[in-house]
Amino acid sequence: TRTSASLSGDLSTPTPFLPPTPTSVASCIPANPPVAARIVEIIDGNTVKVLMNDLVYVVRYIGVGLPQDHVDGANAFRANSELVFRREITLIADVSDKDSSGRLLRYIMAGDTFVNWQLLQDGQGISLDVPPNSACVQEFKSAEQSAVQSARGLWAPP
């Protein structure tokens with residue numbers, strides 16, 4: 001039989017809260033074939049040019065809307081540049097291959113960083129749900145809400 005001393009020793013200590021990481025939230029990305037590419041130009045806070053299979057493509061990040069004002073747009077451009085400029089990345093499609101402008105629509109991984117999510121988490125964009133590319137909509141909304149609650153990026157006081 002157990003004694004009260006051994007019972008208290010069996011109680012687990014509470015696990016400290018760990019915020020989600022870009023890698024853990026990336027589990028929402030569909031199991032479509034990943035494609036390696038290299039960033040050759042940052043267009044804005046959610047659009048890049050990549051070199052892939054010896055061709056250059058324009059890629060728009062799924063789920064990330066941009067701020068419309070000049071200052072926040074410039075901040076989003078800077079944040080995107082810090083995450084991906086001249087880096088090898090992995091592109092993963094959702095349902096639609098391209099948008100109406102002919103840009104590839106993709107989730108972006110730079111190493112272990114889920115770039116789409118990280119931009120939202122840092123308050124550098126607005127969560128944007130454009131079905132049918134909605135696999136990560138809940139993770140993106142949570143990242144944006146975290147930025148709002150922590151007053152990061154767009155959500156920081158003036």
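Tell me yes or no: at least one residue of region 26-47 is modelled with pLDDT under 95 and assigned to a helix (DSSP H, G or I). Yes, because at least one residue in region 26-47 is modelled with pLDDT under 95 and assigned to a helix (DSSP H, G or I). Annotation note: of LEU51, LEU91, LEU119, the sole residue that is in a strand (DSSP E or B) and crowded, with 17+ Cβ neighbours inside 10 Å is LEU91. Selection of region 100-112 for residues being over 24 Å from HIS70 (Cα atoms) and surrounded by fewer than 19 Cβ atoms within 10 Å (Cβ to Cβ) yields SER100, GLY102, ALA110, GLY111, ASP112.
The values are calculated or read from the model by the stated rules, or taken from the named source; none is laboratory data. Remember, it's a predicted structure, so these values are computed and weren't measured experimentally. With ideal geometry, Cβ positions are generated from the backbone for all residues, glycine too; neighbour counts draw on all protein chains shown.
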